[in-house]
Structure formats: C-alpha cells, structure tokens
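The values are calculated or read from the model by the stated rules, or taken from the named source; none is laboratory data. Remember, predicted model here, so these are calculated numbers, not experimental data. Neighbour counts run over all protein chains shown; Cβ positions are idealised from the backbone, glycine included. Just so you know, the surface numbers come from the protein's heavy atoms only, side chains and all, with ligands and any DNA or RNA stripped out. Shrake-Rupley method; radii C 1.70, N 1.55, O 1.52, S 1.80 Å.
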Amino acid sequence: MRNHSKKNQTMNKAELIDAIASEAGLSKADAKKALDAFVGATAGALKKGDRISLVGFGSFSVSKREARTGRNPQTGKEIAIAAKNVVRFKAGAELSGAVN
C-alpha cells in the first residue's frame, strides 16, 4: 500500500479493501463484500431519504439543491442549472480529531 502521509494522494477502492482486510483480520474477498454491502446499504438508505449517523465517524444525509442560474466560464453566457438532490457528509468529532 502507498504511503498516504503526503498531501494530494488518493486511496483507491482496492487499497481501501486491503486496509480493511488488514485492520479487521479479514480476507480481501470478505473485506470487499463488507465494503460493497456498506456502500449499497448507504446508497439505498439515502435514496429513501434516510439519514445515516455513525457516532464518532460522521453522518450522511441528502439535501435538496434548488435550481439556479449559472454562467458558462468559457462564454460568460448564463445557463439554467436544474434542481437536484446532493449527498452531504458531516464528519464526527472523533474523525475530525484524528485528522488534526
């Protein structure tokens, strides 16, 4: 696994699976199943409008972004941007403390 202490590096899914397997003492296949299940369950709950709260880690929620007028940066012409739902994540105290 790459050293993630440098800024601007990204951990990909395979590296995250490796880290989960190592930390939890699971096989990579089981870690992949667990990660996929977490992502699927989270997406399903958010799609229904539920909020997911993991104490110490953070919470996922969906909020409505209203329609608005934007500007094409190349031409300067105004464009209409449609309303849409966006996923929000708010880090919990433990996670915030761990990265500072």
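Measure up Lys32/Lys64; Lys28/Lys84; Lys32/Lys90; Lys48/Lys77 against 29 Å on the Cα-Cα distance and list the ones that go over.
The answer is Lys32/Lys64; Lys28/Lys84; Lys48/Lys77.
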Fraction of accessible area attributable to carbon and sulfur, the chain (%, probe 1.4 Å):
55
Coil-residue trypsin sites (Lys or Arg not before Pro) of the range 55-97, DSSP, other Cβ within 10 Å capped at 16
Lys77
For the chain, averaging the sequence separation of alpha carbon pairs under 8 Å that lie six or more residues apart and dividing by its residue count, the contact order in percent is 19
Residues of the range 20-100: accessible area per residue with a 1.4 Å probe, Å²:
76
Springs between alpha-carbon atoms under 10 Å, Gaussian network over the chain: tell me which of Glu78, Glu15, Glu23 tops the mean-square fluctuations.
Glu78
